[in-house]
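Please read the structure below before turning to the comments.
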Amino acid sequence: MSAMHFVPLPPFDHALEMSAPEKQPLRRLAPHWLPFLPRIADRTDETIEELLDAIRDNRIGLGIVWDGSRAHALVGYMLRPAGRELIGEVHWITGWGTKRWRELLPELEQFLKDYHHCTIIKPICRPGWKPFLKQHGYKQTHVMMEKLL
């Protein structure tokens, strides 16, 4: 297996979808990222169609953890302005063999900083990520809880 890297995927191109959908990069790359959506849907209580809508509307940006031949994880992020800051909110990271690729977090941070000009990154994550993120300079600023009604 080759070294793994974070690879951002291109946004959905609506003009290309209308003129030549077979050339749509995100559509051509779907075999690499689409298999992760059922797992995300299961954990977020969103349907696969809702996730696809967010991707097609470019409300969610995508990246994969890539080893040169296959994807090991999928990252979904959103950009949110807050005053003079631009926040990169990481809404999901899912995959298999997390301990083999979680050290790629600096690559994701650098991408959000250099490409999108984010000044803050905020992962929205499950509790198990907290110790790892604290080791990498993250601090807890809020606690999110939920209750079914």
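Residue 16: over 15 Å from the mean Cα position of the chain (by Cα), more than 25 Å from residue 135 (Cβ to Cβ) and surrounded by 12 or more Cβ atoms within 10 Å (Cβ to Cβ), yes or no? Answer is yes for this residue.
Given the condition modelled with pLDDT under 90 and of a type in the set (Ser, Thr, Tyr), answer yes or no: does some residue in segment 32-52 qualify? Within segment 32-52, one or more residues are modelled with pLDDT under 90 and of a type in the set (Ser, Thr, Tyr).
When we screen 135, 110 for residues that are within 22 Å of residue 66 (Cα to Cα), among the polar types (S, T, N, Q) and out of contact with any helix residue (DSSP H, G or I) (no Cβ under 6 Å at 6 or more places or on another chain), the only hit is 110. Can you pull out every residue in segment 26-68 that is closer than 19 Å to residue 102 by Cβ, without any contact (Cβ under 8 Å) to a residue 60 or more places away in the chain and assigned to a loop (DSSP other than H, G, I, E, B)? Result: no residue meets the conditions.
Each residue in segment 104-142 was checked for being assigned to a helix (DSSP H, G or I), farther than 14 Å from residue 93 by Cα and among the aromatic types (Phe, Trp, Tyr), and 1 pass.
If we keep just the residues of segment 1-25 that are of a type outside the set (Asp, Glu) and part of a helix (DSSP H, G or I), which is modelled with the highest pLDDT?
The extreme case among them is 25.
In segment 75-127, what residues are within 23 Å of residue 44 (Cβ to Cβ), touching a Lys or Arg at 6+ places or on another chain (Cβ under 9 Å) and of a type in the set (S, T, N, Q)? The answer is 94, and nothing else. When the test is whether a residue is surrounded by 14 or more Cβ atoms within 10 Å (Cβ to Cβ), out of contact with any helix residue (DSSP H, G or I) (no Cβ under 8 Å at 6 or more places or on another chain) and not small (Gly, Ala, Ser), residue 86 passes it.
The values are calculated or read from the model by the stated rules, or taken from the named source; none is laboratory data. Source: prediction; values computed, not measured. In this analysis, Cβ positions are derived from the backbone assuming ideal geometry, glycine residues included, and neighbour counts consider all displayed protein chains.
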